[in-house]
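Here is the structure we will look at, set down as C-alpha cells.
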Amino acid sequence: MKTTVTTSVGGKQITIETGRLAKQADGSVLVSCGNNMVLVTAVSSKKASELDFFPLTVEYIEKFYATGKIPGGYFKREGKPTTDAVLIARLIDRPIRPVFPEGYRNETQVVATVLSADGAFPLEILSSLGASAALHLSDIPFNGPTAAIQVGRVDGQFVANPTPQQMEKSDMDIIVAGTRNGLLMVEGETKFISEADVLAALKFGHQSMMPLLNAQDELREKFGSATKRSFTPATIDADFKGQVESFLKPKIAAALGIKIKQDRYAAAAAAQAEAEAMFLASITDKDLAKQRKKEIGAIVEELKYNEARSMILDRKVRIDGRDVKTVRSIANEVGLLPRAHGSGLFTRGETQCLGTVTLGTGDDEQMVDALLGTQKRKFMLHYNFPPYSVGEVGRFGGQGRREIGHGNLAERALKAVLPDHEKFPYTIRIVSEVLESNGSSSMGSVCAGTLAMLDAGVPIKGNVAGVAMGLIKEGDRVAVLTDILGDEDHLGDMDFKVAGTPTGITALQMDIKIDSVSFDVMEQALAQAKEGRSHILNEMEKVIKVARGQISEFAPRIETIKIKPDKIREVIGSGGKVIRGITEATGVKIEIEDDGTIHIASADPEATKKAIAMINDIVAEAEVGKTYKGRVVKIAEFGAFVEILPNTQGLLHISEIANERVRAVTDVLKEGEMIDVKVLEVDRAGRIKLSRKALLQ
C-alpha cells in the first residue's frame, strides 16, 4: 500500500513515499522535490557477520536517463561511480553510521538511485533523507531518524537547500546532518567566514532539519515496522575476560605511554602475543581457540580505548605527552623537487605530506561527464595514501573512497584562495603524497599544498593551514583536543577538521562516533582550531610567506591578449587552418575564449612573441594616415584592390596611383606586386580608401 508524507523546508516541498517501489527491500522510500526523485533502499542480513566491525556499505548511483541523457563511451552504459558520486555516498554514510546500535554486526547495504533530476535541488540532501527514512521505517535496528540540510548564505541571510542560482551568490556551502539531539556530521567550504558565523550556520541547519525528522516519524507511524528486529551483541565469557584484562591492563597502559607510534604499536602487539600464548596454549578445540584469539584482540582494543580516555580526562595528558591544546612540532621545506613547478614538504609530528604543483594550460583542464552536464575543472588536488606511510605492505591501484574524500576536502580548503583566472590563466594540479601518517594527513595536505603553490609562484589570496580537532566525552566530562593523533581519532569521539586563513575558515569537516555533539562543544572546538591554525601558519611562513615573483622556468608562460569577438573566426580560419598554421610555425599552445580573450602558452618567450605578432597582424585594422606594404590582389578598370593586412583589402583608385594621369591601371601595376600605400579613409561600412600617390609627393 502506497503511503506518502509531505513536508516543507526553505519554501520547497519534499515528499517521502513508500509501499510502491522495491517492496522486497527491508526499507524502501522514494524521496522527491519538484522534478528530482531518488529511490533509496535498505537491506540488512538476518545473520550477524563474524567481522569485528559494522559492515555497512552505501552506494549512490546516478542514472543518465534521470536527465534524459545517454551515457558516453562505447557501451553506452553507466560506468564506475564518478568522484562526485563517491563523495555523495560518503555524505550519506557518515550521518547514519554512528546511529546504529553498538554491537550490531549484520551486513547492511543502503542504495540511493537517482531516477530524475533537474539540478534545482541538492540530490545529496534527498539521498541522505531517504537513507534515514528507509532505515527508520524498516525493522533494521537503527536509532534514528537523521536528516541533512545544505546551508548557504545570500546577502547575509541563511538559506536552507539553496538553488544553484542562490549558490552562485552564496559565501558558504555547508551540509549539516544530525538528530534532534545535535549534530552528527558537517561538511563544507566557505569564503573566509568567521567561527561565529560558521557556528550560526550550523545552528540554522540543525533547526531547519526538524520538519524532515518529523516527517520520518510520521511515515514510520503510518507504514513502518511495528518493532525492530532483535539482535544479540557478541559477548565474552566474564571469567576469561577478567583474567585476560588483569594480565594485559598494565602492559597496555605501559604501551600507551610510549610516544613514538611504531614503538607503541609494537609494544601493544607484543603484549597481545604474550596473552595469546598464555591463554590459548591449553585450548585444544580449534574453533574455540579461534574465538578466544579474536576475543583477546577485542579486549586489547577495549583496554586501549579506556586507558587513552582515562589519561586525557583523569590525568590531563595525551598519548604523546602533550596537553589538549598543543600542536605537534612542525618542520617545513620548499623547492625540494627541481623539475616540479612547485613543491613543499610539511611535517607535523609523525605526519608528513609532500605537495607538488604543476601548472598547465586550458588543454590540461579536467573534463567531467557529469549527470547534469559536462564540467571543466581548472583546479585539481589529488591525494595519495600509500601503505608505506603507515609502515604497512599493501596494494597499489585506483583511489579508494577515503583518498577521494580527503583529497576533496583539501581541494575545497584551497579553492577559496586561488587567483582569478583572468589574472593567472593556468590550470593548477596539486598532488599530495602522504609519506608518513599519524593523524590528519588531509590537513597536512592543505599545508603542503599552500607551500607548494607559494613555491610555484601562484599568487594566492591568502595562506591556508588546517588542523584536526578531537573529542573525548564521558558523561559530563569533555576534553577537546587540538591536532589529534591517529590513535586519538580511532579511540576518540570526534574528528573535526578545520582549514582556513588568518581572516577566516575556508573548509571544515566533522564526523563523530557518539549519538550527537552539542553546539557548546562545537564552539570550543572552533575556537581551539583557530588558535592551532594560527600557530601552524606562523611556522609555515617562517619558510615562505608570499608567492615567488616568477613561475618555474619549466612551466609554460602564458600571455593573454584581447581581440574583438568578431575577429575570432579570422584567427581560427576555415577548418582551423589559420590557428593551426600559427601553432605549427611557433610551437605555442593557443586558447581562444568566446569574449575574444586569447591565451598563448609556451616555455619559449620568443615563440610567444612571434605568435602574438602573427595574431595581431591577422586582427589588425587599417588606421587612417598609416602606411602599409600591400599586395595587389585584383586589378579593375577603375583601380586596384590591395591587401594591406591579412583578410583586409582596400581600394586604390586609378586617380591615386601616380602623380601623373594613368590611362590604364595595368600600365603601372600588376597582380601580385608589392607596393606601399597610405590609408586615406575608412568609411562607416569599413571600406578602405588607399593612395599610392600620397607617398610619391
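Bear in mind that the values in this text are calculations on the coordinates, not laboratory data. Everything quoted here is computed from the prediction, not taken from an experiment. Don't worry about glycine lacking a Cβ; one is built from the backbone with ideal geometry, like all the others, and counts go over all protein chains shown.
General remarks:
- Residue order, fewest to most surrounding Cβ atoms within 10 angstrom, among Leu645, Leu491, Leu280: Leu280, Leu645, Leu491
- For the chain, the membrane-span-like helices by this rule, meaning whole DSSP H stretches whose C-alpha atoms cover at least 30 Å of axis and whose Kyte-Doolittle mean is -1.0 or above, are 286-315, 519-541; this says nothing about an actual membrane.
- Placing unit charges on each Cβ (+1 for Lys and Arg, -1 for Asp and Glu) gives the chain a dipole about its Cα centre, and among Thr361, Val546, Gly462 the Cα reaching farthest toward its positive end belongs to Thr361.
- Divided by 2.2 N^0.38 Å, where N counts the residues, the Cα radius of gyration of the range 366-411 comes to 1.45.
- Aspartates and glutamates with Cα under 12 Å of Lys241, excluding same-chain neighbours fewer than 8 positions away: Glu295, Glu302
- Taking other C-beta atoms within 10 Å as the exposure proxy, Thr284, Thr358 rank Thr284, Thr358 from fewest upward.
- Cross-link reach list, lysines versus Lys222, counting only Cα pairs under 29 Å and skipping chain neighbours closer than eight places: Lys2, Lys12, Lys23, Lys46, Lys47
- Only Lys, Arg, Asp and Glu carry charge here, each on its Cβ (+1 for the first two, -1 for the last two); on that basis the range 557-619 has a dipole of about 120 debye about its Cα centre.
- Cα extents for the range 570-651 along the principal axes, largest to smallest and rounded to whole angstrom: 50, 28, 25.
- Based on alpha-carbon atoms, the Kirkwood radius and the radius of gyration of the range 449-490 give Rg/Rh equal to 1.27.
- Selection of trypsin sites (Lys or Arg not before Pro), the range 329-405, meeting DSSP coil and at most 10 other Cβ within 10 Å: Arg339, Arg395
- In a DSSP loop and with at most 16 other Cβ atoms within 10 Å, the chymotrypsin sites (Phe, Trp or Tyr not before Pro) in the range 593-672 are Phe638.
- Here is the size of the range 3-223 from its Cα atoms: Rg then Dmax, 17.3, 53 Å.
- Estimated 222 nm signal from helices in the chain, with DSSP H stretches of n ≥ 4 weighted -39500 (n - 2.57), rounded to 500: -10500 deg cm²/dmol
- Whole-percent P(r), the range 410-497, all Cα pairs, 5 Å bins from 0: 3, 13, 21, 18, 13, 11, 9, 6, 3, 2, 1.
- Order of Phe396, Phe496, Phe247 - criterion: other Cβ atoms within 10 Å of each residue's Cβ, fewest first: Phe396, Phe247, Phe496
- Dipole of the chain [Lys/Arg +1, Asp/Glu -1 at C-beta], most positive-end residue of Gly492, Gly672, Ala275: Gly672
- Kirkwood-Stokes translational diffusion coefficient of the chain, alpha-carbon pairs, 4 °C, 1.567 mPa s, µm²/s: 44
- Candidate cross-link partners of Lys577 among the lysines, defined by an alpha-carbon separation under 22 Å and a same-chain spacing of 8 or more, comprise Lys562, Lys564, Lys567, Lys589, Lys609, Lys610.
- Projecting the Cα positions of Ser389, Leu303, Gly68 onto the charge dipole of the chain (unit charges on Cβ atoms of Lys, Arg, Asp and Glu, taken about the Cα centre) puts Gly68 furthest along the positive direction.
- Those GluC sites (Glu not before Pro) in the range 73-142 that DSSP places in a loop and that have at most 10 other beta carbons within 10 Å: Glu102
- Overall, the range 620-688 carries a charge dipole of about 20 debye about its Cα centre when +1 sits on the Cβ of Lys and Arg and -1 on the Cβ of Asp and Glu, all other atoms neutral.
- For the chain, the dipole from Cβ point charges (+1 on Lys and Arg, -1 on Asp and Glu) about the Cα centre works out to 900 debye, to the nearest 20.
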